[in-house]
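The values are calculated or read from the model by the stated rules, or taken from the named source; none is laboratory data. Note that the structure is a prediction, hence the values are computed from the model and not measured. Neighbour counts are summed over all protein chains in view; Cβ atoms, including those assigned to glycine, are modelled from backbone coordinates with ideal geometry. Accessible surface areas use protein heavy atoms only, side chains included; no ligands, DNA or RNA. Shrake-Rupley method; radii C 1.70, N 1.55, O 1.52, S 1.80 Å.
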Amino acid sequence: MSAQNGFVPPAGLKGPHIQSLLASARFRAANTGAVINDAREHVLETSQGARLQGFYSPGPQPGKKGLVLLLHGWEGSARSTYVRTTTRYLFDRGYDIFRLNLRDHGESHHLNKGLFFGTLFDEVFEAAQQVAKLAANVPFFVAGFSLGGNYALRIARELSRRSIPAICHVVAVSPVLDPGRATDVVDRTLFYRYYFLKKWKKSLVRKQQLYPDLYDFSGVLAHNTILGLTADLLPRCSPFDKPADYFRTYTLTGAALENIAVATTIITSKDDPIIPVQDFYGLRLNDLADLIVHAHGGHNGFIQNYRLNAWYEKAMAEIFARYGN
């Protein structure tokens, strides 16, 4: 893949924090309005009654090249900058796009009484199955970022047991492999801890406002670390008593991905300030998986020039083009 060999950011953009900040900088999405605003809202309901919101952008010739399902990161949404710019890039190259909101992300808090937890995989897998039906006999792809990348990798693994029509390739950008370790890293970095705590607390307040008979987070919201808030929230609202037990259920280190059942590309960087690169070096992968580790890129960044284009957008387009009709 030619794009693999071409990612060397300019000197002024090499820093991991500038890369990570630019990933979500709103001004990068300034030219994505048309495709985002014209998207059709879909509410997908699973067999267990969970409802997930998504936005479908079919091209002028729907299914011309394929359909791409995009999964955002924790406390991001279908409107996150990195999702919007990827949507625009792939849409302009003939792909239909479906942007899924995980439970309680974006403006979807009203759709389910239960809270979002990283363990809620089945509803995302079933949503992917439903989205794939929109592909109408053309290639179907899944691409996820950060926690969305974790979900994408779990989808790739689950395909050894359950099927998704026409799925050809999964891409995971800066995926979370060890959520417990990532939480520790974020908690030790003031800026990232503040960023995620602020967004998470806002989400919990919104949930409490919608369901005041079910939730009172007044004590929980006093915590000033993600681990502390998690430890307080879990016994109140989940089957887990301890964060370690909770995180273990969606940890993907070691041999967790050795049974991936679809072609998969994993993209990360050595300087990711949130996801330790050591997690990737210990992976046991089969021949269907390709791991790309760049020296630079930060978290979800991979900004390759001063036009602020993301390298992985070109990489995805090149990967997906292999499956063209």
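One table, with the values for the structure above:
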read-out: Where a residue in the stretch 257-271 is over 16 Å from Ala23 (Cβ atoms) and open to solvent by 10 Å² or more (accessible area, probe 1.4 Å) and its partner, wherever it lies, is outside any strand (DSSP E or B) and of a type in the set (Ser, Thr, Tyr), with Cβ under 6 Å and at least six apart; value: Asn259/Ser160; Ala261/Ser160
read-out: Residue check, Leu227 over 19 Å from Ala244 (Cβ atoms), open to solvent by 30 Å² or more (accessible area, probe 1.4 Å), touching a helix residue (DSSP H, G or I) at 6+ places or on another chain (Cβ under 7 Å) and in contact (Cβ under 8 Å) with a residue 24 or more places away in the chain; value: no
read-out: Single match in Leu221, Leu227 (criterion: within 22 Å of Val185 (Cβ to Cβ) and assigned to a helix (DSSP H, G or I)); value: Leu227
read-out: Qualifying positions in the stretch 242-279 - charged (D, E, K, R) and assigned to a helix (DSSP H, G or I); value: Asp245, Arg248, Asp279
read-out: Restricting the stretch 81-100 to residues that are in contact with a strand residue (DSSP E or B) (Cβ under 6 Å, 6 or more places away or on another chain) and not in a helix (DSSP H, G or I), the residue that is farthest from Asn309 (Cα to Cα); value: Leu100
read-out: Residue within the stretch 174-186 that is open to solvent by less than 20 Å² (accessible area, probe 1.4 Å), touching a strand residue (DSSP E or B) at 6+ places or on another chain (Cβ under 8 Å) and in contact (Cβ under 8 Å) with a residue 60 or more places away in the chain present; value: yes
read-out: Residue in the stretch 272-293 that is within 18 Å of Val171 (Cα to Cα), open to solvent by 20 Å² or more (accessible area, probe 1.4 Å) and touching a Pro at 6+ places or on another chain (Cβ under 8 Å) present; value: no
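To keep it simple, each residue is scored yes or no on (1) part of a loop (DSSP other than H, G, I, E, B); (2) surrounded by 17 or more Cβ atoms within 10 Å (Cβ to Cβ).
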| residue | (1), (2) |
| --- | --- |
| Gly149 | no, yes |
| Ala172 | no, yes |
| Arg193 | no, yes |
| Lys202 | no, no |
| Tyr215 | yes, yes |
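Every residue, every condition in (1) among the acidic types (Asp, Glu); (2) open to solvent by less than 10 Å² (accessible area, probe 1.4 Å), yes or no:
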site	(1), (2)
Pro16	no, no
Ser24	no, no
Glu45	yes, no
Pro58	no, no
His105	no, yes
Ser108	no, yes
